[in-house]
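Let me begin by presenting the structure, written as structure tokens, before commenting on it.
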Amino acid sequence: MELSERISRISVSSTLAVVQKATQLRASGVSLIDFGAGEPDFPTPENIKNAAIQAIHQNFTKYTPTSGIKELKEAIVGRHAKDFGSNYKIEECLVTVGGKQAIFEAVAATINHGDEVIMPVPYWVSYLDIVNYCGGKVVPLATREEDNFQVSAAAVGKLITPKTRLIIVNSPNNPTGAVIPDEEMGKLLALAVSKNLLLMTDECYCQFLYDGRKPFSLGHSGNRNNLIITGSLSKTYAMTGWRVGFALGAKKLLSNMLNLQSHSTSNPTSISQKAAVEALRGPQDSVQVMLAEYQRRRDKIVAGLRAIPGITCAMPAGAFYVYPNVGAYLKKDGVADCKVLVDRLLEEAHVAVVPGPGFGTDEHVRLSYATSMENIEEGLERMKKFFSEL
Ligand SMILES: Cc1ncc(COP(=O)(O)O)c(C=O)c1O
């Protein structure tokens, strides 16, 4: 049977592909060091789990409004207001099945066939596929490792054409951990306003900022016409499997995203929604505990990678990823490209990392340090040996 042209525009995410391979190896008894998975190794905090258990006992197990329960929308806009000084109303909030659904729906609701979408490279894998699936054209904005992958509004401005419709930024960034300075974010919004475009800011990692830096959101600007914020509870509260995310923005845009949601997933899981209310309204100390631990691990892994001859590594300012450059080891004996290198690292050293091409660059690999310090130390040892023998 012929498949649609639309579906052929996308492929499985390179992150998930690595997770699949790593799972197979682990199942065959290999002791694997897994830097592939982009999710917290911490368990979901007890108070959040208990809220879900209580929801089950209270039979809160039926359909809910497609856009999410009122209590959760209140909790989302309330926390956002508290953390960032925004003032969204609950009609300007849509609860989604993970942040990914919010991003998908926002892109689907805003771009027409052939519209251009500007995004900095490296980008999170799914942005590219989502835009391609929706018929848009990705316009990549190159960044430089030497500048810590910085994004500048002036550089974005140069890429704008009459076909540009959307700009997507993600700070802190997956895969680099780069953070766009607050002032530059303001300039990006001003640019979107002046050109009448939509700016999507993906705040998935917004609470994970290092070296004392304060979380920031453009939500405080009050702009609705040119700004859509997507967020997620997955990383902040170690809730990846619960699938709760959200969008904040103009009522008209959200109501159209809701239409799409009503014909695809319907509401996010009722039980997860109750857990999410507790996550947002309950004690927040687990976030700080995770942040402190991630910072310790970041320091360790960056120092370890930089100590491997030939590898360079920008210092991440947030999230829990590093994006070292392994270009010096490509085109060596039997290493045709980054993917081959990653396969050999997995098969020979039993270390899982994600190849850079999925994020738009040829010479990098992504490592997630949301794994224990022991794993990081062992993984660094294995990589040191692997690269020295290459
Ligand atoms: C940059 C970025 N945005 C959004 C998401 C979506 O997360 P979720 O759908 O679990 O909320 C992820 C997940 O890895 C991500 O890395």
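Here, each number is a calculation from the coordinates, and none is a lab measurement. All values derive from a computational prediction rather than experimental measurement. Here the Cβ positions follow ideal geometry from the backbone for every residue, glycine too, while neighbour counts run over all protein chains shown.
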Sorted from largest down, give the three principal axis spans of the alpha carbons of the range 59-281, whole angstrom values.
54, 42, 29
When DSSP beta bridges are limited to those with both residues in the chain, what percentage is antiparallel, rounded to the nearest 5?
45 percent
Among LYS73, LYS235, LYS251, which one moves the most in a GNM of the chain with springs linking Cα atoms closer than 10 Å?
LYS251
Could you pull the Cα extents of the range 1-52 along its three principal axes, largest to smallest, in whole Å?
48, 34, 19
Quick one: order MET257, MET315 by neighbouring beta-carbon count within 10 Å, fewest to most.
MET315, MET257
Nearest 10 degrees, 0 to 90: helix 338-349 Cα axis against the chain principal axis:
70 degrees
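Run the dipole for the chain about the Cα centre, Lys and Arg Cβ at +1, Asp and Glu Cβ at -1, nothing else charged, and hand back the magnitude in debye, nearest 20.
Around 880 debye, computed over the chain.
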Determine Rg/Rh for the chain; Rg is computed over alpha-carbon atoms and Rh is the Kirkwood hydrodynamic estimate from the same atoms.
0.96
If you build a Gaussian network model of the chain, linking Cα atoms that sit under 10 Å apart, which residue out of ILE301, ILE111, ILE56 swings the most?
ILE56
Please build a GNM for the chain, connecting alpha carbons under 10 Å apart, and tell me which residue among VAL365, VAL340, VAL351 fluctuates the most.
VAL340
Nearest 10, in degrees from 0 to 90: the angle of helix 285-306 to the longest Cα principal axis of the chain is 30 degrees
Percent antiparallel among DSSP beta bridges confined to the range 59-281, rounded to 5, stands at 30 percent
Treating only the Cβ of Lys, Arg, Asp and Glu as charged (+1, +1, -1, -1), what charge dipole size does the range 59-281 show about its Cα centre? Round to the nearest 20 debye.
600 debye
The alpha-carbon center of the range 256-333 and that of the range 161-240 are separated, in whole Å, by 15 Å
Take the cross-link list LYS21/LYS70; LYS187/LYS235; LYS187/LYS274; LYS89/LYS187 and give me the ones stretching past 29 Å between alpha-carbons.
LYS21/LYS70; LYS187/LYS274
Helix-only [θ]222 nm of the chain, DSSP H runs n ≥ 4, -39500 (n - 2.57) each, per residue, nearest 500
-13000 deg cm²/dmol
Please arrange CYS93, CYS313 by counting, for each residue, the other beta carbons lying within 10 Å of its beta carbon, fewest first.
CYS313, CYS93
Report the one residue of VAL326, LEU341, CYS313 whose Cα lies farthest in the direction of the positive end of the charge dipole of the range 292-372 (charges on C-beta: Lys and Arg +1, Asp and Glu -1; origin at the Cα centre).
CYS313
